[in-house]
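The values are calculated or read from the model by the stated rules, or taken from the named source; none is laboratory data. Everything quoted here is computed from the prediction, not taken from an experiment. We place every Cβ from the backbone using ideal geometry, glycine too, and count neighbours over all the protein chains shown.
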Amino acid sequence: MNKKKLDVGGQAVIEGVMMRAPGKFVIAVRREDGKIVVKKKDISIDSKSFFKKPFIRGLVALYNALILGISALNFSAYHAFGEGEEKVSKKELFISMILGLGFGIGLFVFLPLLITDLLKHVMPAVKNSFLLYNAVDGVIRVIFFILYLFVITFFKDVRRVFEYHGAEHKAIYTYEQGKELSVANAKEMSRFHPRCGTSFLLIVMIVSIIVFSLIPKDAHFLIKLLSRVIFIPVIAGISYEILKLSDKYYNNPVVRSLIKPGLWLQKLTTKEPDESQLEVALISLKLALDKEVEGEGIVYVS
């Protein structure tokens, strides 16, 4: 009888990979001297049955991306380049999260809504049809998102992160296909994964068009803006369930067709990793799965 595979996920960081398994959080970062710094800790939030319930688990994923993701990025910056701090206080994490959310809301919520609201003065159809209003708002948001991803790919440091993103996907695919977690096996895997955060964000933007249609078309601009912020947890919960279903029924031809845009978008957010990057991703994954990792070049920190 085959042992059931754990639900694992990850995130690329600066010169490394953060991996998550139920109850586990691991960061592996390659230092400039070639050694791999590893931090492993237990996380209880997703080991409790309440947080595994549909829609609630989407909020947990959002928490992981914000709180744990920011913590992992700061840790990786410290060990990769000696920048930032090794340990971040709750206050600093909160400030970083607020700044990150503020940037995201400003670029992907406020600006698209403002442009759409201005367009209704020159395009009567946008003003008269709230469905069209939300469709235009959603299309602008998606365009902003794609342009943002396209622009940041030209930054050398971001490209390195995207290579580690590809390494993360290949490592997870190796595990999911039941193969030995080796660099040789991981090299053969695809760097495009249906459960990727990039696909999740694209689903969020599509779902938001439908959810925002619930807001009265004559509502004041500020009401529309605030409602878009308030509905973020709802949209995240719905989008996460869609993402899980797309992964579960990936072999269905209809589902594969529907998720193709998300996989296409990963051509921007993932790049082919080299063997040293795959090694880091595999070490992070092995430790998240409580597997033994041997090597003189590994440094464990608390």
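Take the residues in segment 109-163 that are outside any loop (DSSP other than H, G, I, E, B) and among the polar types (S, T, N, Q), then tell me which one is farthest from A12 (Cα to Cα). Taking the candidates together, the pick is N128.
Summed over segment 212-228, residues that are surrounded by fewer than 18 Cβ atoms within 10 Å (Cβ to Cβ) and in a helix (DSSP H, G or I) total 6. Counting the residues of segment 215-253 that are more than 18 Å from A61 (Cβ to Cβ) and either charged (D, E, K, R) or touching a Ser or Thr at 6+ places or on another chain (Cβ under 8 Å) (or both) gives 6.
Looking only at residues of segment 188-208 that are closer than 19 Å to D7 by Cβ and in a helix (DSSP H, G or I), we find that the one that is modelled with the lowest pLDDT is G197.
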